[in-house]
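Take a look at the structure set out below.
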């Protein structure tokens, strides 16, 4: 781990580090089915690693990781843990209140689970009257679509659940947790004639394996490109929009 993690600091170390930054990064993920080839905690593993890479470039502190979120659409698969939105929101609200108490003014949520997106957004909007603080959320798997040019090969399913993109990122960040002998190409069971309309079904209706897309063509090389590009894009945002300087030489 890097020296950026709040949980690894003594209180005196934190007090000294806090003098040099107002930016806290909060990783958020899930514990849910992510295909037979990837661990249940993939979203959280990815969120933490992206937070670390960003923090190391801008001298940020990484706050508590929210490891479990609302995974109700996946709760038919063994091992999936789901937190009610109300519980997640209350817990995150208390985390934010504590961080505000210690003087943080810039909050960056690196969130790798779609179910957490609206809850984080609600809390962020509830703080919009606080002109002295700034908030931003990286909806990581969707965010990757903005930096994937020339990298992925499986078309519209490249960013599907535990597909080419997600598997590639995990193969780069945590190869020891990926079982490449169990990757597979999975087509949706049901053709979606109305992709422009939001629907709220169960993933099991489309996949008995908890994955959609072609993970057989994933690679660590693709994952590295996606991770490097995404981290650079986030750092550019912090530099140009929030005026947070990149550490010299990084």
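The values are calculated or read from the model by the stated rules, or taken from the named source; none is laboratory data. Since the structure is predicted, the reported quantities are computational estimates derived from the model, not experimental observations. Neighbour counts are summed over all protein chains in view; Cβ atoms, including those assigned to glycine, are modelled from backbone coordinates with ideal geometry.
Here's the yes/no breakdown for (1) touching a helix residue (DSSP H, G or I) at 6+ places or on another chain (Cβ under 7 Å); (2) within 24 Å of residue 59 (Cα to Cα):
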| residue | (1), (2) |
| --- | --- |
| 143 | yes, yes |
| 154 | yes, no |
| 157 | no, no |
| 179 | no, no |
| 183 | yes, no |
| 206 | no, no |
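Being in a helix (DSSP H, G or I) and buried (at least 24 other Cβ atoms within 10 Å of the Cβ) is the filter here, so list the residues in region 19-47 that pass it.
Across region 19-47, the qualifying residues are 42, 43, 46, 47.
Examine region 164-181 for a residue that is under 23 Å from residue 234 (Cα atoms) and not in a helix (DSSP H, G or I), and state whether such a residue exists.
yes
Return the only residue of 81, 50 being over 27 Å from residue 243 (Cα atoms) and either touching a strand residue (DSSP E or B) at 6+ places or on another chain (Cβ under 7 Å) or surrounded by fewer than 16 Cβ atoms within 10 Å (Cβ to Cβ) (or both).
Unique residue meeting the criteria: 81.
Of the conditions (1) at pLDDT below 95; (2) on the phi > 0 side of the Ramachandran plot, residue 150 clears all except one; give me its number.
Going through (1) at pLDDT below 95; (2) on the phi > 0 side of the Ramachandran plot one by one, residue 150 breaks only (1).
Mind checking which residues of region 76-103 are on the phi > 0 side of the Ramachandran plot and under 21 Å from the mean Cα position of the chain (by Cα)?
79
Count, please, the residues in region 155-177 that happen to be surrounded by fewer than 24 Cβ atoms within 10 Å (Cβ to Cβ) and within 26 Å of residue 55 (Cα to Cα).
Matching residues across region 155-177 total 8.
Out of (1) more than 21 Å from residue 115 (Cα to Cα); (2) at pLDDT below 80; (3) out of contact with any helix residue (DSSP H, G or I) (no Cβ under 8 Å at 6 or more places or on another chain), what's the single condition that is false for residue 228?
That leaves (2) as the condition not met.
State all residues of region 216-248 that are outside any helix (DSSP H, G or I) and either farther than 21 Å from residue 49 by Cβ or within 15 Å of the chain's Cα centre (by Cα) (or both); if no residue qualifies, say none.
Listed by number, the residues that qualify are 241, 242, 243, 245, 248.
Based on this model, can you work out whether residue 179 counts as out of contact with any strand residue (DSSP E or B) (no Cβ under 9 Å at 6 or more places or on another chain) and within 26 Å of residue 70 (Cα to Cα)?
When the stated conditions are applied, residue 179 passes them.
I'm checking my understanding of the structure. Among residues of region 134-154 that are touching a strand residue (DSSP E or B) at 6+ places or on another chain (Cβ under 9 Å) and within 18 Å of residue 240 (Cα to Cα), which one is surrounded by the most Cβ atoms within 10 Å (Cβ to Cβ)?
138
(1) in contact with a helix residue (DSSP H, G or I) (Cβ under 7 Å, 6 or more places away or on another chain); (2) part of a loop (DSSP other than H, G, I, E, B); (3) surrounded by fewer than 20 Cβ atoms within 10 Å (Cβ to Cβ): which one isn't true of residue 73, the others all being true?
All conditions pass for residue 73, except number (2).
From 25, 61, grab the single residue that is touching a helix residue (DSSP H, G or I) at 6+ places or on another chain (Cβ under 9 Å) and closer than 19 Å to residue 144 by Cα.
It is 25.
Which one of these is closer than 30 Å to residue 133 by Cβ, in contact (Cβ under 8 Å) with a residue 40 or more places away in the chain and either surrounded by 22 or more Cβ atoms within 10 Å (Cβ to Cβ) or in contact with a helix residue (DSSP H, G or I) (Cβ under 8 Å, 6 or more places away or on another chain) (or both): 245, 215?
Only one candidate qualifies: 245.
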